[in-house]
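Report on the structure given below.
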Amino acid sequence: MKSLLWSLIAAMSFSSAMAEPTATGDLGLVIERATGSVLLVDQSDRASLARIEGLGDLSHASLVYSPDERFAYVFGRDGGLTKVDIVTRTIANRVVQAGNAIGGAISDDGTLVAVSNYEPGGVRIFNADTLELVADIPTDSKTIGLVDAPGRRFVFTMWDTGETWIADLSGDLEITKIPDMGDRPYDALITANGRTYITGLFGEDGLTALDLWADNPEPIRVLPNYGRGQKEMPVYKMPHLEGWAHTGGEFVLPAVGHHEVLWIDSDTLQESGRTQTYGQPVFAMARPDGRHVWVNFAHPLNDTIQVIDTVSKQVIHEFKPGPAVLHMEFTPRGNEVWISVRDAGKVMIYDTHSFEKLREIEADSPSGIFFTARAHKTGL
């Protein structure tokens with residue numbers, strides 16, 4: 001009798017689970033920076049599903065996803081590392097691992113989560129399942145530009161010392177240190193194939209690249225003195241190189257302190273063009289097919305977006321979604337773009353071909369938007 005009862009309970013549970021499956025591929029999270037919460041959203045329904053609270057200071061927050069798209073690892077400015085279960089819509093685990101953090105990455109096999117810190121500096125690496133500390137890497141510097149690289153590696157750069165380190169955790173921890181990357185590197189990116197790492201420089205014009213396929217990677221100067229001869233301008237907000245664009249055979253990067261984006265041949269790393277923009281660009285993001293690049297701008301011109309055609313390198317569309325446009329995220333095939341407009345308290349959704357606004361979603365001071373498709377991309 002008991003056997004029959006348990007069989008019936010198991011069958012009912014199985015039927016219930018089958019009746020309400022949870023698919024994660026259509027989901028995403030929006031950072032609500034003022035309230036320490038994230039908003040779970042559905043791309044197809046263009047709707048919010050739930051608010052998850054208790055994530056600490058999210059004034060400069062980012063996140064990465066586990067390979068199965070179920071868990072998001074949210075990096076807060078207060079040093080908090082929060083593991084969010086988007087299926088159960090709850091916080092699965094949380095640790096405060098530093099005093100001031102600036103982002104993180106997840107290893108290519110999904111087993112390690114690394115966090116980049118300003119205070120006390122350095123990188124700390126955690127077990128993705130339990131959030132137990134695996135490695136503590138002090139650097140005596142503010143640490144920026146942390147990305148994942150193939151082979152269970154992390155690459156990061158030091159603001160104070162101008163070094164880039166490669167931490168290899170494929171076995172026992174091994175660190176390769178590369179000096180002379182430049183004056184005050186402020187952010188970095190890695191290409192989708194994991195080969196080229198590029199860091200932007202705040203203390204001097206130009207960027208520095210590394211070929212991670214080389215046996216002994218050495219700094220490669222890119223666009224040295226690109227602003228020479230131009231009037232220096234105050235920098236209202238540091239651009240985000242992780243909001244870079246790679247279109248065909250070119251990188252498109254925001255210029256520090258200038259009203260322009262820079263085009264670089266991805267094979268030769270030589271300048272291939274410039275496009276004058278409305279303001280100082282913060283993010284220059286390519287639509288997934290690479291045909292258009294969408295650009296937003298620093299305060300006080302942060303109410304505007306420009307769209308650049310990558311063939312002509314000309315601005316083809318400009319519009320004003322509202323006050324304080326902070327971030328953009330394309331749906332995986334690029335048919336829509338979701339835009340956070342912080343001071344309007346909305347996420348606005350646009351058709352990327354007609355530029356028609358499709359819907360608005362209420363959100364509390366929204367900033368970063370992260371769809372689960374990022375789980376399958378290097379550097380995101």
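The values are calculated or read from the model by the stated rules, or taken from the named source; none is laboratory data. None of the values given here were measured: they were computed from a predicted structure. Reconstructed Cβ throughout: ideal geometry from the backbone, glycine too, with neighbour counts over all protein chains shown. Surface accessibility is based on the protein's heavy atoms, side chains included, excluding ligands, DNA and RNA. Shrake-Rupley method; radii C 1.70, N 1.55, O 1.52, S 1.80 Å.
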Problem set entry | Residue list for segment 332-380, restricted to those being among the acidic types (Asp, Glu) and not in a strand (DSSP E or B) | 343, 356, 364
Problem set entry | Single residue of 52, 125, 31 found to be more than 30 Å from residue 358 (Cβ to Cβ) and part of a strand (DSSP E or B) | 125
For this session: Scan 352, 372, 331 and give me the residue that is under 23 Å from residue 278 (Cβ atoms), of a type in the set (S, T, N, Q) and open to solvent by less than 20 Å² (accessible area, probe 1.4 Å).
Result: 352
Problem set entry | Selection within segment 246-293 - within 22 Å of the chain's Cα centre (by Cα), more than 20 Å from residue 225 (Cα to Cα) and hydroxyl-bearing (Ser, Thr, Tyr) | 247
Exercise. Residues in segment 197-220 that are among the aromatic types (Phe, Trp, Tyr) and part of a loop (DSSP other than H, G, I, E, B): how many?
Worked result: 2
Problem set entry | Entirely in segment 238-328, the strands (runs of 3 or more DSSP E) that have 1 or more residues that are in contact with an Asp or Glu (Cβ under 8 Å, 6 or more places away or on another chain) | 250-254, 260-265, 271-276, 281-286, 292-297, 305-309, 315-319
Exercise. What number of residues in segment 65-116 are outside any strand (DSSP E or B), among the aliphatic types (A, V, I, L, M) and open to solvent by 10 Å² or more (accessible area, probe 1.4 Å)?
Worked result: 2
Problem set entry | Selection from segment 173-196 of residues that are modelled with pLDDT of 95 or more, open to solvent by less than 50 Å² (accessible area, probe 1.4 Å) and not in a loop (DSSP other than H, G, I, E, B) | 178
Exercise. Within segment 151-172, which residues are open to solvent by 10 Å² or more (accessible area, probe 1.4 Å) and within 16 Å of residue 188 (Cβ to Cβ)?
Worked result: 153, 159, 160, 161, 163, 165, 166
Problem set entry | Breaking point among (1) of a type outside the set (D, E, K, R); (2) surrounded by 18 or more Cβ atoms within 10 Å (Cβ to Cβ); (3) at pLDDT 95 or above, for residue 314 | (2)
Exercise. Would you pick out the residues in segment 136-145 that are more than 22 Å from the chain's Cα centre (by Cα) and free of Cβ contacts under 8 Å to residues at least 24 places away in the same chain?
Worked result: 136, 138, 140
Exercise. Hey, does segment 154-170 have a residue that's in contact with a Gly (Cβ under 9 Å, 6 or more places away or on another chain), closer than 16 Å to residue 220 by Cβ and part of a loop (DSSP other than H, G, I, E, B)?
Worked result: yes
Exercise. Conditions: (1) modelled with pLDDT under 95; (2) of a type in the set (D, E, K, R); (3) under 17 Å from the mean Cα position of the chain (by Cα). Residue 148 meets all but one. Number of the miss?
Worked result: (1)
Exercise. So which of 27, 55 is touching a residue at least 60 places away in the same chain (Cβ under 8 Å), buried (at least 16 other Cβ atoms within 10 Å of the Cβ) and under 19 Å from residue 372 (Cβ atoms)?
Worked result: 27
Exercise. Is there a residue being of a type outside the set (Ser, Thr, Tyr) and farther than 27 Å from residue 59 by Cβ anywhere in segment 359-372?
Worked result: no
